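Here's the structure, in structure tokens; my notes come after.
The values are calculated or read from the model by the stated rules, or taken from the named source; none is laboratory data. Model, not experiment: these values are computed from the prediction. In this analysis, Cβ positions are derived from the backbone assuming ideal geometry, glycine residues included, and neighbour counts consider all displayed protein chains. For the accessible areas, the whole protein counts, side chains as well, though only heavy atoms, and no ligand, DNA or RNA atoms are used. Shrake-Rupley method; radii C 1.70, N 1.55, O 1.52, S 1.80 Å.
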Amino acid sequence: MLFNRWAQPDVDIESLTVQGGFGLSSPVDGRLPRTWIAALRGRVRASLAGTGGVETADDVVRYVLAGADVVMSTSSLVRNGPVHSASLVYGLTEWLSRKGFDSIDEARGLLSVPADVDATAYERAGYVSILQDAAQRYGSLSSAT
């Protein structure tokens, strides 16, 4: 497992101790694992499991599009009860149908990094795109004036 939310200790600067850390995930916590799933899809001979940040069916869809073979959720089930799993499955099924996919396999990995491209160049291009988006949103990123 690449990402584990259970053991996230923090430093208490007053008591000078390491405190055990625990917290339920939120949708933003899925960004890093999805990034790695999208990068690893088609490059490793292993099943990729999406974990962390799965609150809604949309989060399940995001993991599938990144290339996850399975998607797991704990925090949303703790918050909403086991019956919430049915809404996640229903939402995924509804999305697949609305988008015209006949199976989940047709959507799986659709937005992953293509296995036949240079991943480093792909990442750099994505980084440049992010900087351009930030410049449009927040203005120039240079230290002028």
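Can you tell me the FRET efficiency between LEU111 and VAL89 if r is taken as the Cβ-Cβ distance and R0 is 30 Å, rounded to the nearest 0.05? Walk me through the numbers on the way to the answer.
Working: r = 21 Å, r/R0 = 0.70.
According to the calculation, E is roughly 0.90.
Accessible area per residue for region 1-104 is 64 Å², calculated with a 1.4 Å probe on protein heavy atoms, without ligands, DNA or RNA. When PHE101, PHE22 are compared by accessible surface with a 1.4 Å probe, the order from highest to lowest is PHE22, PHE101.
With viscosity 0.890 mPa s and temperature 25 °C, the Kirkwood radius over alpha carbon pairs of region 1-123 converts through Stokes-Einstein to a diffusion coefficient of 155 µm²/s. What the Cβ-Cβ distance of VAL11 and VAL78 gives, at R0 = 25 Å and to the nearest 0.05, is a FRET efficiency of 0.40.
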